[in-house]
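Trainee: One structure follows; several queries about it will come next.
The values are calculated or read from the model by the stated rules, or taken from the named source; none is laboratory data. Values in this document were obtained by computation on a predicted structure and should not be read as measured data. Note that we place each Cβ from the backbone using ideal geometry, even for glycine, and neighbour counts take in every protein chain shown.
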């Protein structure tokens, strides 16, 4: 039986899909059978970020409607063994995802995988609700910026009330904070909320801090999960994050800025 | 702290302002959370019942839940139209 992990945030553009792709690829690389499911119906993008957009034939909604079976819709990643993606539909019908349909697809995926990663759409509407509803764990992706932190808090409220675990009175969804686009130099100058500030405001455990990095755009340009770019800061940050999720202790590497000689002289 | 910091302005750093504002708004939004789901529907139904007897405005009924320790107080405010 797989563990279902939702990658969510409330706010758009904070790095949910980047995180889903990297996290999924990292789990698969660690040897776990992993599927990443795109819940953003109408605005499919996970396929593009993972570089398999030209191989999409059937999608999530086709499977729900019985127009294709799961094996026809799943796309196997060509680089990482054990990694699959289930693309979202491009339909404009926002009711295309039904509760029963999602439940059936997720439980079928859970039979054959170790991890099901649900890439949530932004907002708190139907798609976002369904993406989190069946989750066991949540990665809450947050930028060090006021609107993102506030929206994350809102999402934390939903995770503790509008999920299957909450409704059935089971152990609550395990919430993990993922801070992205972190600029240590600006934090140092007091211009950006620090990781400690965000943890304190949201009061959840920190899983990882991903630095603001040119590697993220480069990787998405190429359709490669950024974790595969092992020499880059963001790639390493995601690698640490996955290892921590799997229970390994790893120090946070990108919380302080690397200073040159000049910077050291003048800023102490 | 480097010596250049002495020349920097003393005004409050924007990050601490962000933190303070967030703490206030997040605390406020958290108190409004939980169990309050039925309030809009309750408000609407009470309004409909009142309208069977009196013509009142849409905003005549105000509902609020206040928490005092372990105790929740449902406060219901109905504004009746002035009679001539």
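Trainee: Residues being surrounded by 22 or more Cβ atoms within 10 Å (Cβ to Cβ), within 14 Å of chain B (Cβ to nearest Cβ) and touching a residue at least 40 places away in the same chain (Cβ under 8 Å): count how many of those fall in the stretch A:167-193.
Mentor: The qualifying residues number 3.
Trainee: If you don't mind, another one. Only one residue in A:156, A:130 is surrounded by 18 or more Cβ atoms within 10 Å (Cβ to Cβ) and touching a strand residue (DSSP E or B) at 6+ places or on another chain (Cβ under 8 Å). Which one?
Mentor: A:156
Trainee: Sticking with this structure for a sec: Can you tell me which residues in the stretch A:96-107 are surrounded by 14 or more Cβ atoms within 10 Å (Cβ to Cβ) and part of a helix (DSSP H, G or I)?
Mentor: Within the stretch A:96-107, A:101, A:102, A:103, A:104, A:105, A:106, A:107 meet the criteria.
Trainee: Sticking with this one: What residue, among those in the stretch A:198-214 that are without any contact (Cβ under 8 Å) to a residue 60 or more places away in the chain and buried (at least 21 other Cβ atoms within 10 Å of the Cβ), is farthest from residue A:250 (Cα to Cα)?
Mentor: If we take residues in the stretch A:198-214 being without any contact (Cβ under 8 Å) to a residue 60 or more places away in the chain and buried (at least 21 other Cβ atoms within 10 Å of the Cβ), then A:201 is farthest from residue A:250 (Cα to Cα).
Trainee: Only one of A:151, A:137 is under 30 Å from residue A:256 (Cβ atoms), out of contact with any helix residue (DSSP H, G or I) (no Cβ under 9 Å at 6 or more places or on another chain), at pLDDT 95 or above and surrounded by 14 or more Cβ atoms within 10 Å (Cβ to Cβ). Can you tell me which?
Mentor: A:151
Trainee: Further question: Among the residues of the stretch A:212-234, which ones are assigned to a helix (DSSP H, G or I) and closer than 24 Å to residue A:195 by Cα?
Mentor: Result: A:214, A:215, A:216, A:217, A:226, A:227, A:233, A:234.
Trainee: Residue under question is residue A:253, and the condition is that it be within 21 Å of the chain's Cα centre (by Cα) and modelled with pLDDT under 95; does it hold?
Mentor: Yes, satisfied.
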